Amino acid sequence: MHASDVGIVLWLMLAHYVADFCLQTDWQARNKSSSYSALTSHVALYTFAMSVASVFLFFPVHVPVHVIQLWALFTFVAHWCTDWVTSRWSKVYFTKGDFHHAFEVVGLDQYIHLACLLGATYWAMRS
């Protein structure tokens with residue numbers, strides 16, 4: 001692994017944190033487990049923010065626009081599907097006051113998001 005690869009991973013992790021947590025509204029966070037509009041608006045905002053952040057990664061290495069569009073589509077679909085499952089699953093635990101298991105699900109959610117994001121970015125930058 002090169003130092004530039006570490007920088008890419010750190011940049012994606014920071015962008016993901018901002019897009020997934022800081023930009024998510026209270027309404028989206030509370031309702032994405034039961035409302036398609038809350039879930040979809042969260043994931044749309046997330047994908048937009050990640051697409052803006054990806055400019056700093058993709059354009060210096062001349063990633064074709066159609067590859068960036070596929071990356072964004074994959075990012076949207078993967079994030080939506082992951083949150084559809086994990087938000088419902090963690091809500092069961094949060095409702096019971098079982099915070100330990102709820103946060104295990106949140107941790108798994110973050111692992112899946114980052115694995116998808118890193119995999120898709122690796123593919124895009126080598127296309």
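Details
- Two-decimal Rg/Rh across segment 1-43, once Rg and the Kirkwood Rh are taken from alpha-carbon atoms: 1.22
- Its residues counted as N, the chain yields a C-alpha radius of gyration over 2.2 N^0.38 Å of 1.10.
- Under 13 Å, Cβ to Cβ, from Val43 - net charge with Lys/Arg +1 and Asp/Glu -1: -2
- Its relative contact order, with pairs defined as Cα atoms under 8 Å and 6+ residues apart, puts the chain at 27 percent.
- Helix content alone sets the calculated 222 nm mean residue ellipticity of the chain: runs of n ≥ 4 DSSP H residues at -39500 (n - 2.57) each, divided across all residues, give -28000 deg cm²/dmol.
- With Cα atoms, 0 to 90° folded angle of helix 99-125 axis to the chain main axis: 20 degrees
- Taking the Cα centre of the chain as origin and assigning +1 to Lys and Arg Cβ atoms and -1 to Asp and Glu Cβ atoms, the resulting dipole is close to 200 debye.
- Nearest 10 degrees, 0 to 90: helix 65-96 Cα axis against the chain principal axis: 20 degrees
Rule-based calculations on the coordinates, nothing more; no lab input. Model, not experiment: these values are computed from the prediction. Here the Cβ is made from the backbone with ideal geometry for all residues, glycine too, and neighbour counts use every protein chain on show.
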